[in-house]
Amino acid sequence: MNASLSPPKKLRVATTSLAGCFGCHMSFLDIDERLLKLLDLIEFDRSPLTDIKHCGPCDLGFIEGGLCNAENVHVLREFRAHCKILVAVGACAINGGLPAQRNHLDLRDVLEEVYQTEAGLSHGGIPNDPELPLPLNKVHPIHEVVKIDYFLPGCPPSADAIWKFLTDLLAGRTPTLGHGLLHYD
Amino acid sequence: MSDTEMIDAVVDRHHGDGTRLMQILRETQEQLGWLSPATLTRIAQAIAWPRAWVEGTADFYSFFHTRPMGRYRVLWSDNITDRMLGSTDLMQAMCKKLWLEPGRVSEDGLVSVDTTSCTGMCDQGPAVLVNYQAITRMTPSRVAEMVGLIRGETPVADWPAEWFAVDDNIRRKDMLLAHDLVPGQALGAALERGGDRMLAEIKDARLRGRGGAGFGTGQKWEACRNAPGHGAGAAHYVVCNADEGEPGTFKDRVLLTSYADLVFEGMSIAGLVVGARKGMLYLRGEYRYLLEALESALATRRAANLLGSNILGSAFEFDIEIHLGAGAYICGEESALIESLEGKPGRPRIRPPFPVTRGYLDQPTTVNNVETLAASCLIAAHGSEWYAQHGTEKSTGSKLLSVSGDCERPGIYEYPYGVTVRQVLEDCGASDCQAVQISGPSGICVAEGEFDRRIAFEDIPTAGAFMVFDETRDMFEVARNFAHFFAHESCGFCTPCRVGTTLVRNLMDKIARQHGSPYDIDELFKLHRLMQGASHCGLGNSACNPIFDTLNKFRPAYERRLMSLDYEPAFDLDAALSQARQMTGRDDAGAHLQNEAET
Amino acid sequence: MKTSKSEVSVQANAREARVKADRPAETKANNIFQLDGEDVPFTPGQTIMQAATANGTYIPHLCWHPDFSAHGSCKLCTVKVNGHFGSSCTIEAQPGMEVENRTMELDDKRRTLLQMLFVEGNHFCPSCEKSGNCTLQATAYELNMMSPHFDMFYPDRPVDASHPDILLDFNRCIMCALCVAASRDVDGKNIFAMGGRGLLGRRVHISSESGKLADTDFAATDRAASICPVGVILPKRKGFAIPIGQRTYDLAPISRQVKKATP
């Protein structure tokens, strides 16, 4: 009896940006004063907002951006391992987006062009520091590597779309966006 | 002769008629090696068609090349039965000896080696086509010798004649193959009866189409006969569908080799019934080697007054042309075949209208299978009563089966309809059989518990393929071979088939690489459900049949390949870093990704 | 909640009025079929799609256009006619037909078909001038497509910027062949033709030896220049002209903008 009367436990939420531009995170901040309402319901784990470096056990994970390098894959897997629900947020997470427009080019040509032949560079060669993550041959959306539970499209999704999505999810409803909120651009 | 003069001569031979574009393209390519942009422009001008139409046809068919493909083009038949006879290793050995990658043309423009869909030599494989001439029974020593001949640039015409031998391998004859008719006998009987009564005989005999679908031949002929011609070119047409492309089927090849008179006579009887003066035999490109013999059989019939005008002294006028296809399975679908006859890409039409009312050149057209037409001769000569005594209630007459795979005596078996799968297996000497693929990839996979089922429209209808797999065979690999076949042969017209066949192929490859999960199997079922209802034609509708059948009957063959029960990445993660590793020279732990998740 | 009798009659009257307004004089009272339970009148010879469109009822579609004969390739308009799947753009309406359209089963299939089209090409909406006015995108919104679901193909497809006034970006092509029909039937030029085979081969051919649009007599005033439902055939120097929020499908979902044939 008591358990049902006590305030519900706050949901623990992690967010990150992989091969993205943080635009989806910026759009999230655009929910403005509704953030305060949200903070009654959730608490943040790893996120650019907390600066926690590794994701712990979470109820919800939000991933912005696609996969363009090895580190993206590690982070995505860490999120999948720790988040009960994983959400792909924005065009890049969902179909590779802008970074994936390099996919019709050969990675070799891209690296050569950028680090070796482009005029005005110091011709220092292609960086090979083990600290740096290696780029993948192609950019991939995240659903090609781990199972994704929900998708929130947009470039970025609007603050209202994010709010609708979150409130549906937190209320236990299957998120739906509908006309005006569902958009790919 | 310049290229332009050569092209013009070919087009002139076809009277500048664009509907003969397939033949124009083939004959031009036979002389020039490939169809260059300038060649296509010249042909378009000569037949007064928009250039894009000509290019659209040229790049639809596998056997037309809009890029140079080498002076020797070797194509390995890639049916599962060829693979079971070792074609994969032989092709690899050939590529190695020629320093070639499959699909690529050698630097000197001499040769290319690639695969092609089943060439219809399943009982005498592994088979190849060299410059579109059929060669059977490839062996390691033939590969070595062939490489030498190619290197020495010996013309294919001078290669050992025995390589080009194609055997009939008739193992069991019944009413059709054991017929005692002489040329003209059946046609004479039909002429004596007249079209009306001949039609009635066909209907009374309850003859059904041998292409697999089993539509009533009498109904089809009647609908065509009753349909009015349209406009200035009003006419009726008979088309013989000899585009025998269903992998594992080769009975039409044998009929056309040794029973061509029966086939042509059946076409003539159909012409009499539907009121046609022209018949066309659409011969699959893989059977190019039969063209000259068939043309000469036609000439003999003309000389014997069995074709032409006043046939056998009657007022009946009828002649037959042969059109050669160019490597497109989809043209076995009757409306796609008609498109191809008209010089267009083989895209199935929207139906209705059906070809019987609006077919070739928009005129009433009956399209019948080779075997159906041959069978009609028996009915003409011996009557419907005699004919209908054979077979079963709903499947009268006999059926030719093309038996291949794991058996001692592959070849052609003719049975009255109603024969059990088990009987066929016994007769062909198949032991330890675990499954039979009947009617090809788009047909049905019959497992051991079902061997008492019967070949008949009441139970298992078939176009004739009967591929036997013994217990050593991996039924997953069988299904994967078929998935590749459909992805290659999808015409690309409708969304579900164009994209779906490739998605299915990719999923099967993923499972084969041992990167699959139960999620991927669910995806296969989902694609099956979509493609079966939403596709434009039979190809897309049946493309998942072999997957569905084997998933139901041989599921462990899939399951033992699964990587895990979890969701698995779509691609090889570590391999996806290969280019960056190469460019940076790194090989440290951070330069790799494990394909299994770390946690 | 029950519907009162008066409401029923109001609805019936409204429907009758609409039916009367759109029904050509020769339409017989029995030339009616059921579309998701609603009466739809038709004139003999009309397809289900044509009759529904005349009635203002939306059946999802991409390759069909009221001004041209049906192509029947996209299969988005797949409906169930008396329990059997079929393309509503090619099946003629018959009296008493029962047609299912916007059921969960059919919309699920349509969503999968859309996902197939999205992974087959390179559809990057944020950088596409057609965004907001694109039939593919609007149809995907209508059907609540949240992701491409399948693995992306990322095909290598050409862009042809040779023509002075028109850009061709085949990355977005959905093989609907409307440009083929418009150039053939309206412009009388036959600039385009569908060719090739299968997923990678299927393409639009341009009627010139170079394969370039500049080497044809294509003009920006051609009907084919404005027919493309996606962002393949685009006028140069006019990108992103309408602000976000005011574009065609920002204003209302595609299902509420049923376009009838050009008179």
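Every number here is computed from the coordinates shown, using simple stated rules; none is lab data. Only a predicted model underlies this, so the values are computations on that prediction, with no experimental measurement involved. In this analysis, Cβ positions are derived from the backbone assuming ideal geometry, glycine residues included, and neighbour counts consider all displayed protein chains.
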Estimated FRET transfer efficiency when R0 is 60 angstrom, pair B:SER309-C:MET104 (beta carbons, to 0.05): 0.45
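Length gain on complete extension for the stretch B:ALA48 to B:TRP386, per 0.36 nm per residue less the alpha carbon to alpha carbon distance? It would help to have the intermediate numbers written out before the result.
Working: separation 338, 0.36 × 338 = 121.68 nm, distance 5.25 nm.
Full extension from B:ALA48 to B:TRP386 adds 116.4 nm.
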Considering only the protein assembly as shown, percent of DSSP beta bridges that pair antiparallel, nearest 5: 50
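Cβ neighbours within 10 Å, averaged per peptide: list B:100-113, A:70-83 in order, most packed at the top.
A:70-83, B:100-113
Please go through segment C:200-263 and write out the trypsin sites (Lys or Arg not before Pro) that DSSP classes as loop and that have at most 15 other C-beta atoms within 10 Å.
Details: sites: C:ARG202, C:ARG203, C:LYS212, C:ARG223, C:LYS236, C:ARG237, C:LYS238, C:ARG247, C:ARG256, C:LYS259, C:LYS260; in loops: C:ARG202, C:LYS212, C:LYS236, C:ARG237, C:LYS238, C:ARG247, C:LYS259, C:LYS260.
Qualifying residues, ordered by number: C:LYS212, C:LYS236, C:ARG237, C:LYS238, C:LYS259, C:LYS260.
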Size of charge dipole - chain C - debye, nearest 20, with Cβ of Lys, Arg +1 and Asp, Glu -1, no other charges: 300
Nonlocal amide H pairs with B:GLU321, under 5 Å, H built at 1.01 Å: B:GLY279, B:MET280, B:LEU281
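How high is the relative contact order of chain C, given as a whole-number percent (alpha carbon pairs under 8 Å, six or more residues apart)? Mind showing how you got there, number by number?
Numbers: 418 pairs, mean separation 48.6, N = 263.
Here the relative contact order equals 18 percent.
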Selection from A:GLY124, B:GLY492, B:LEU290 lying farthest towards where the dipole of the protein assembly as shown points positive, charges on Cβ: B:GLY492
Length added when fully stretched, A:ASP51-A:LYS9, from 0.36 nm per residue minus Cα-Cα: 12.9 nm
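Pairs C:LYS130/C:LYS259; B:LYS96/B:LYS510; B:LYS510/C:LYS75: which are spaced more than 22 Å apart, C-alpha to C-alpha? It would help to have the intermediate numbers written out before the result.
Working: C:LYS130/C:LYS259 18 Å; B:LYS96/B:LYS510 26 Å; B:LYS510/C:LYS75 27 Å.
Where the Cα-Cα span goes over 22 Å, the pairs concerned are B:LYS96/B:LYS510; B:LYS510/C:LYS75.
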P(r) of the protein assembly as shown over all Cα-Cα pairs, binned every 10 Å from zero, in whole percent: 2, 10, 17, 22, 21, 15, 8, 4, 1, 0, 0
Computed helical MRE - 222 nm, the protein assembly as shown, DSSP H runs ≥ 4 contributing -39500 (n - 2.57), nearest 500: -10000 deg cm²/dmol
Crossing angle, helix A:70-82 versus chain A [Cα axis fit, 0-90 degrees, rounded to tens]: 20
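If you take each beta carbon of peptide C:201-213 and count the beta carbons of other chains within 10 angstrom, what is the mean? If you can, show how the numbers build up before the last one.
Working: counts 8, 8, 4, 2, 11, 3, 10, 5, 9, 1, 4, 0, 0.
Taking all residues of C:201-213 together, the mean is 5.
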Between 0 and 90°, nearest 10: helix B:195-204 axis offset from chain B longest Cα axis: 50
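Tell me, what is a quarter of the convex hull surface for the C-alpha atoms of segment B:132-179, in nm² with one decimal? If you can, show how the numbers build up before the last one.
Numbers: hull surface 19.3 nm².
Average of the hull's projected areas for segment B:132-179 equals 4.8 nm².
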From the C-alpha gyration tensor of chain B, square roots of 5λ in Å: 41, 30, 23
Farthest toward positive dipole pole in chain B [+1 Lys/Arg, -1 Asp/Glu at C-beta], among B:ILE444, B:VAL166, B:PRO345: B:PRO345
Pairwise centroid distance, computed over Cα atoms, of segment B:206-264 with segment B:290-323, Å: 17
Farthest toward positive dipole pole in segment A:1-146 [+1 Lys/Arg, -1 Asp/Glu at C-beta], among A:ILE52, A:ILE42, A:HIS104: A:ILE42
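What is the magnitude of the charge dipole of segment B:12-87 about its Cα centre, with +1 placed on the Cβ of each Lys and Arg, -1 on the Cβ of each Asp and Glu, and no other charges, expressed in debye to the nearest 20?
Details: 9 positive and 8 negative charges, 32 e Å.
About 160 debye.
Which whole-number percentage describes the relative contact order of chain B, with Cα contacts under 8 Å and a sequence gap of 6 or more?
13
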Amide H contacts under 5 Å for A:ARG12, placed H, 5+ residues apart: A:GLU43, A:ASP59, A:LEU60
Calculated over chain A: convex hull of Cα atoms, volume per residue (Å³): 145
Spatial separation of Cα centroids for segment C:77-142 and segment B:46-82, in angstrom: 33
About the Cα centre, charge dipole magnitude for the protein assembly as shown (Lys/Arg +1, Asp/Glu -1 at Cβ), debye: 2320
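Compute the length gained on full extension between B:ARG302 and B:GLU145: take 0.36 nm times their separation in residues and subtract their Cα-Cα distance, giving the result in nm to one decimal. Before the final figure, lay out the partial values.
Details: separation 157, 0.36 × 157 = 56.52 nm, distance 4.20 nm.
Separation in residues times 0.36 nm, less the Cα-Cα distance, equals 52.3 nm.
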Degrees separating the helix B:260-274 axis from the principal Cα axis of chain B, which is the longest one: 60
Label point distance in nm, B:SER578-B:ALA165, each placed 7 Å from Cα along Cα→Cβ: 4.4
Cα gyration tensor category, rounded, prolate or oblate, for segment B:3-58 with a/c compared to 1.5: rounded
Span from the segment B:120-136 Cα centroid across to the segment B:525-553 one, whole angstrom: 29
